[in-house]
Amino acid sequence: MAAVLAMGISVPRHVLPLHELARARNVDPAKYRLGLGCKEMAVVAPGEDTVTLAAEATLSLLQNAPEYEPSKIGLLVVGTESGVDRAKPVAIWVHNLLGLSASCEVFDVKHACFGGTAALRMASLWADANPGRLALVVASDIARYPLNSPGEPTQGAGAVALLLGSCGRGEEVFTLSKRVGMYAAQVDDFWQPAYLKEAVVRGHYSISCYIESLKRSLEDYGEEPGNDPDFLVFHCPFPKMVKKAHAAMLEFLGKSYDVSEDFRRRVEPTLWVNERVGNAYTASVFLSLCGLIEALGGSLIGRTVGVFSYGSGSCAEYAVYTFGNGVKTSLDIKRRLDSREVINATQYERMRAECEALEQNGSYKGNVTNLGRFTFMGIQEHRRVYCGNNLRPE
Ligand code: HMG
């Protein structure tokens, strides 16, 4: 049976503490910290985009797991809603930057924040059908709302890479249950028109769509045979949403637990990365999963986590994953978060404008100095220019 064998993450190298944004927007900082549950927002700088974040997460994965041979990767799927081209997938850039084998199916999947989960489930089926080969899934996104909008403090960015293959050695990070609860409904809660740079969102309505999808997915999943999952991960657009979702789940399932105590025990250990990164759309649910793994490590072996993934628009799934021995490998998340450069609101707005300028044709000047391992250099004759330490000659 296929399983996730290794993971890697990446986050942008700059971070804006939300009390700085609150000051700039003349908002009580308690609204962001307590009302939304957010502490920090990851900010992309010129040179970073959805591709470089995805490539960095993949390289981290391959370095974390040298026992898996990259030439065996026969499927590469990126789940994203902040792709850089309407035809060309982020996945083909990642494939090139990492120098992966040409004998590989390479494409993106999209359904808002659900795209990474959809890719994971598809890759798991593919890995089952192709024993001996490996599948790579990357969820990578940059969340952007208009300046000064209610969604602005929930922005963020990041990527998580997951390697799948047949397991048998007990070294997997987790296995996915075959049983899934699903729910899809056409709703206009959040979307990104192709002619706009930022998302359009009906914020409070989107919260009710999320909760409705959670209930319908649980209904579709049906009664849990045996015990409740040991932990719960919910798609995290902002941590307070997860608190609302957890309370709604207990009520819907008719559980008479102490809500705060259950939240503290089963949900809180999953949220510390999201609090410090913000919404990373497709990657958010996996950042929570990585946070749980990093927090509890080897004590998770044999334990289960219920995972709810929601993508606006909408599609959702509830499934249960079971952890294996692979949870003992550290993803080095805390060091990555602590080593980011702290910026203020003025620098954040300047970086945002510079990133937009780099997205224009003719922006390539060869002078972007980004200290990451992969850099987006700009656009020349409508072609995106990347450099990276694993770049294969064309
Ligand atoms: P808002 O309308 O400005 O905020 O934006 P609010 O007035 O609703 O306040 C938020 C919370 O802060 C409230 O708590 C207030 O009481 C509290 P709640 O009632 O919810 O428990 N508050 C304070 N607390 C302490 N001190 C204070 C204070 N003032 C207020 N002084 C909104 C909130 C979430 C609507 C906005 O941030 C937004 O539009 N976000 C983007 C949309 C979003 O994240 N939706 C989530 C569900 S949809 C989803 O998850 C999919 C998504 O990830 C996209 C995808 O699928 O691709 C978004």
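The values are calculated or read from the model by the stated rules, or taken from the named source; none is laboratory data. Fair warning: this is a prediction, and the values are worked out from it, not measured in the lab. Positions of Cβ are generated from backbone atoms using ideal geometry, with glycine treated the same way; all protein chains shown enter the neighbour counts.
Tell me, which residue of segment 222-247 that is more than 12 Å from the ligand (Cβ to nearest atom) and aliphatic (A, V, I, L, M) is farthest from S288 (Cα to Cα)? Within segment 222-247, the match that is farthest from S288 (Cα to Cα) is L232.
Inside segment 203-223, residues that are farther than 29 Å from Y145 by Cβ and either without any contact (Cβ under 8 Å) to a residue 12 or more places away in the chain or out of contact with any helix residue (DSSP H, G or I) (no Cβ under 9 Å at 6 or more places or on another chain) (or both) make up a count of 4.
Restricting segment 132-154 to residues that are more than 8 Å from the ligand (Cβ to nearest atom) and among the polar types (S, T, N, Q), the residue that is surrounded by the most Cβ atoms within 10 Å (Cβ to Cβ) is S140. Scanning segment 230-273 for residues that are modelled with pLDDT of 95 or more, in a loop (DSSP other than H, G, I, E, B) and closer than 22 Å to G37 by Cβ yields a count of 7. Of S206, S213, S217, S177, all but one fail to be modelled with pLDDT under 95 and among the hydroxyl-bearing types (S, T, Y); the exception is S177.
Matching residues to (1) surrounded by 17 or more Cβ atoms within 10 Å (Cβ to Cβ); (2) part of a loop (DSSP other than H, G, I, E, B); (3) within 22 Å of the chain's Cα centre (by Cα); (4) of a type in the set (D, E, K, R):
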| residue | (1), (2), (3), (4) |
| --- | --- |
| R335 | no, no, yes, yes |
| T346 | no, no, no, no |
| E349 | no, no, no, yes |
| C355 | yes, no, yes, no |
| S363 | yes, yes, no, no |
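Listed conditions (1) within 22 Å of G291 (Cα to Cα); (2) away from the ligand (no atom under 13 Å from the Cβ); (3) assigned to a strand (DSSP E or B) are all met by G181, apart from (1).
Which one is surrounded by the fewest Cβ atoms within 10 Å (Cβ to Cβ) among residues in segment 102-127 that are closer than 23 Å to S71 by Cα and under 13 Å from the mean Cα position of the chain (by Cα)? Break it down stepwise before answering.
So in segment 102-127, the residues closer than 23 Å to S71 by Cα come out as 102-109, 116, 119-127.
Still in the list and also under 13 Å from the mean Cα position of the chain (by Cα): 116, 119-120.
Working: G116: 33, A119: 29, L120: 27.
Selected residue: L120.
Can you find a residue in segment 279-289 that is modelled with pLDDT under 95, among the polar types (S, T, N, Q) and either surrounded by fewer than 22 Cβ atoms within 10 Å (Cβ to Cβ) or outside any helix (DSSP H, G or I) (or both)? Checked against the condition, which is being modelled with pLDDT under 95, among the polar types (S, T, N, Q) and either surrounded by fewer than 22 Cβ atoms within 10 Å (Cβ to Cβ) or outside any helix (DSSP H, G or I) (or both), segment 279-289 yields no hits at all. In a residue-by-residue description of segment 184-202, the property of being away from the ligand (no atom under 15 Å from the Cβ), without any contact (Cβ under 8 Å) to a residue 40 or more places away in the chain and either outside any strand (DSSP E or B) or more than 19 Å from the chain's Cα centre (by Cα) (or both) applies to at least one position.
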